[in-house]
Amino acid sequence: MTKAVVLGAAGGIGQPLALLLKCNPLIKELSLFDIVNTPGVAADLSHISTPAKVEGFLPPDDGLKKALTGADIVVIPAGVPRKPGWCGVRWHIDCLPIVKCRDDLFKINAGIVRDLATGIATVAPKAFVLVISNPVNSTVPIVAEVFKKHGVFDPKRLFGVTTLDVVRASTFVAEILGDLSLAPSISVPVVGGHSGVTIVPLLSQSSHSLPKDFSESSLDTLTKRVQFGGDEVVKAKDGAGSATLSMAYAGAEFATKVIKAVNGEAGIVAPSFVNLAADKDGGDALKKEIGKNLDYFSTLVELGPEGVAKIRTLGKLTSFEEGLVQAALPELETSINKGVSFIETPK
Ligand code: NAD
Ligand code: LMR
């Protein structure tokens with residue numbers, strides 16, 4: 001019996017994500033929370049002939065508390081998305097062509113995520129929490145610090161959703177192989193974090209090899225396309241936000257994996273941005289491999305009934321990939337520290 005909750009359910013990601021979760025037979029209850037429009041979204045979805053009972057909640061009358069009561073899994077796509085020229089506060093006509101980085105969203109989204117995490121820590125501290133809101137490299141540490149403050153942090157139950165990077169990598173490799181029908185079966189580990197250079201696709205470990213004559217410059221182009229795939233969508237949407245539909249697909253895929261693993265299905269492995277304390281060895285092997293004592297990293301995670309069962313190390317990397325990992329570390333460290341200190345020194 002799974003109760004899933006979406007926080008930010010009326011948004012560009014929230015609505016299609018809620019639709020996909022409503023269609024998931026493993027979900028028996030679906031609660032939707034947002035600061036606007038959830039009654040309408042819930043009423044609409046509730047007419048779909050699938051088992052999940054849908055309810056929508058708004059902030060008045062303890063809406064967040066009601067939405068979260070009894071939650072098994074909480075997915076958070078609440079917060080502002082990137083737009084060209086977005087400076088984190090308002091639009092600037094003189095910077096319209098620029099796609100600002102995810103870190104610019106911190107000013108607004110950090111507070112939103114902190115408040116929602118406080119609700120979860122209070123009402124549903126055992127729920128599995130899947131964070132989509134950007135910047136993921138900072139918002140996941142924010143959730144962890146809030147949970148620590150409430151004395152309920154279990155690193156095995158907290159996930160930064162990086163699945164969209166994996167979905168993109170699979171699709172782009174299928175395109176290169178000239179057969180999109182391969183995309184669902186292609187798996188490429190994407191590690192590091194979820195922002196620009198911190199997104200590190202390990203194409204040498206792709207389940208489907210790239211063509212033999214694939215040049216170094218093509219590899220570089222493909223790597224950059226995965227790292228900056230989000231920019232492609234932001235530019236194409238031309239002011240209307242960032243990826244929503246592909247993110248809803250990716251979020252629903254990852255949520256389904258977590259639910260299946262929690263229900264006892266064995267052998268489920270997916271990359272996610274996790275607190276390395278979730279692993280038996282505290283992530284020591286991975287830290288040694290990357291040569292840096294980071295508390296968070298995205299890598300292949302074996303999922304089990306308690307959430308994270310094992311955090312895998314990166315395995316054999318090419319020298320190109322080793323360079324990408326090293327290039328990711330400074331930004332990753334800064335973003336993680338920014339999230340942690342946001343809670344340590346509340347703004
Ligand atoms: P959106 O603006 O369409 O929707 C966000 C929703 O959050 C809105 O409905 C808004 O009302 C709601 N919201 C705002 N404050 C809230 C609060 N305090 N409580 C509950 N709900 C609240 O944005 P979107 O396109 O759906 O993107 C949402 C977030 O997801 C952004 O931060 C975006 O950058 C991020 N994102 C992450 C990934 C990823 O791979 N992890 C991919 C795409 C987008
Ligand atoms: C993405 O990768 O598409 C998301 O993180 C949204 C963005 O800002 O690019």
Practice problem: Using only alpha carbon pairs under 8 Å that are at least six residues apart, calculate the relative contact order of the chain and give it in whole percent. | Solution: 17 percent
Quiz prompt | Global form of the range 212-312, assessed from the alpha-carbon gyration tensor, a/c cut-off 1.5 | solution = oblate
Quiz item: ³J(HN,Hα) across the range 151-168 via Karplus (A = 6.51, B = -1.76, C = 1.60, θ = phi - 60°), whole Hz, x for Gly/Pro?
Solution: x, 10, 6, 10, x, 5, 9, 10, 9, x, 7, 10, 4, 4, 5, 6, 4, 4
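Most exposed first by the Cβ proxy, i.e. fewest other Cβ within 10 Å, how do Lys288, Lys260 rank? Each step should come with its number before you reach the end.
Working: Lys288 12, Lys260 15.
Result, fewest neighbours first: Lys288, Lys260.
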Exercise. Using amide H atoms built 1.01 Å from N in the peptide plane, name the residues 5+ places from Val80, or on other chains, whose amide H lies under 5 Å from its own.
Key: Asn109
Quiz prompt | Approximate spin-label separation Lys288-Cys23, in nm, with each point projected 7 Å along Cα-to-Cβ | solution = 4.6 nm
Quiz item: Which ordering of Cys23, Cys101 is given by a fewest-first count of other beta-carbon atoms within 10 Å?
Solution: Cys23, Cys101
Quiz item: Once amide H atoms are placed 1.01 Å from N in the peptide plane, what residues at a sequence separation of 5 or more from Lys53, or on another chain, have their amide H within under 5 Å of its amide H?
Solution: Glu29, Leu30
Self-check item: Rounded to 5, percent antiparallel among DSSP beta bridges of the chain
Solution: 50 percent
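How big is the equivalent ellipsoid of the range 6-81 along its three axes, where each semi-axis is √(5λ) from the Cα gyration tensor, reported in whole Å from largest to smallest?
Values: eigenvalues 59, 37, 27 Å².
Semi-axis lengths for the range 6-81 are 17, 14, 12 Å.
What's the exposure ranking of Leu294, Leu158, Leu203, Leu21, going from fewest to most Cβ atoms within 10 Å?
Values: Leu294 18, Leu158 26, Leu203 23, Leu21 29.
Lowest count first: Leu294, Leu203, Leu158, Leu21.
Net charge around His194, counting only other residues with Cβ within less than 12 Å of its Cβ (Lys, Arg = +1; Asp, Glu = -1)? Provide the component values of the computation, followed by the final result.
Numbers: positive: Arg102, Arg168; negative: Asp103, Asp165, Glu331.
Its environment carries a net charge of -1.
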Quiz item: In the neighborhood of Asn293, defined by Cβ-to-Cβ distances under 15 Å, what is the net charge if each Lys or Arg adds +1 and each Asp or Glu adds -1?
Solution: -3
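Once you have a ≥ b ≥ c as the square roots of the Cα gyration tensor eigenvalues for the range 163-343, tell me rounded if a/c is under 1.5, and otherwise prolate or oblate according to whether a/b is larger than b/c.
Details: a/c = 1.30, a/b = 1.22, b/c = 1.06.
Here the range 163-343 falls in the rounded category.
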Self-check item: Under-5 Å amide H pairs with Ser298, H placed in peptide plane, nonlocal only
Solution: Gly192, Gly193, Val274
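Roughly speaking, what is the stretch gain from His208 to Glu322, that is 0.36 nm per residue apart minus the C-alpha to C-alpha distance, in nm to one decimal?
Working it through step by step, the gained length comes to 39.0 nm.
Calculated FRET efficiency, Glu232 and Ile108, Cβ-Cβ r, R0 41 Å, to nearest 0.05?
Details: r = 23 Å, r/R0 = 0.57.
The formula returns an efficiency of 0.95 here.
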Quiz item: Each residue of the range 284-297 in turn: what ³J(HN,Hα) in whole Hz from Karplus with 6.51, -1.76, 1.60 and θ = phi - 60°, glycine and Pro shown as x?
Solution: 4, 5, 5, 4, 5, 4, 8, x, 8, 8, 8, 8, 10, 6
Quiz item: Rounded, prolate or oblate: which fits the chain, taking a ≥ b ≥ c as square roots of the Cα gyration tensor eigenvalues, rounded meaning a/c under 1.5, else prolate when a/b beats b/c?
Solution: rounded
Self-check item: Label point distance in nm, Val269-Glu175, each placed 7 Å from Cα along Cα→Cβ
Solution: 2.7 nm
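Okay, helix-only estimate at 222 nm for the chain: each DSSP H run of n ≥ 4 adds -39500 (n - 2.57), divide by all residues, round to 500 deg cm²/dmol; what do you get?
Values: 11 runs with 142 residues, N = 347.
Theoretical 222 nm ellipticity from helices: -13000 deg cm²/dmol.
Cα-Cα over 20 Å: which of Lys66/Lys149; Lys287/Lys310; Lys3/Lys107; Lys156/Lys316; Lys65/Lys126; Lys22/Lys310? Please report the intermediate quantities before stating the final value.
Values: Lys66/Lys149 22 Å; Lys287/Lys310 14 Å; Lys3/Lys107 31 Å; Lys156/Lys316 25 Å; Lys65/Lys126 14 Å; Lys22/Lys310 29 Å.
Cα-Cα > 20 Å for Lys66/Lys149; Lys3/Lys107; Lys156/Lys316; Lys22/Lys310; rest within.
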Quiz item: For Phe320, what charge total do you get from the other residues with a beta carbon under 13 Å from its beta carbon, if Lys and Arg give +1 and Asp and Glu give -1?
Solution: -2
Quiz prompt | ³J(HN,Hα), Karplus 6.51/-1.76/1.60, whole Hz, each residue of the range 241-254, x for Gly, Pro | solution = x, 10, 4, 10, 6, 5, 5, 4, 4, 5, x, 5, 4, 5
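Computed from the coordinates by the stated procedures, all read-outs in this text should not be read as laboratory data. Since the model is a prediction, treat every value here as computed from it, not as a measurement. Positions of Cβ are backbone-derived with ideal geometry, glycine not excepted, and every protein chain shown enters the neighbour counts.
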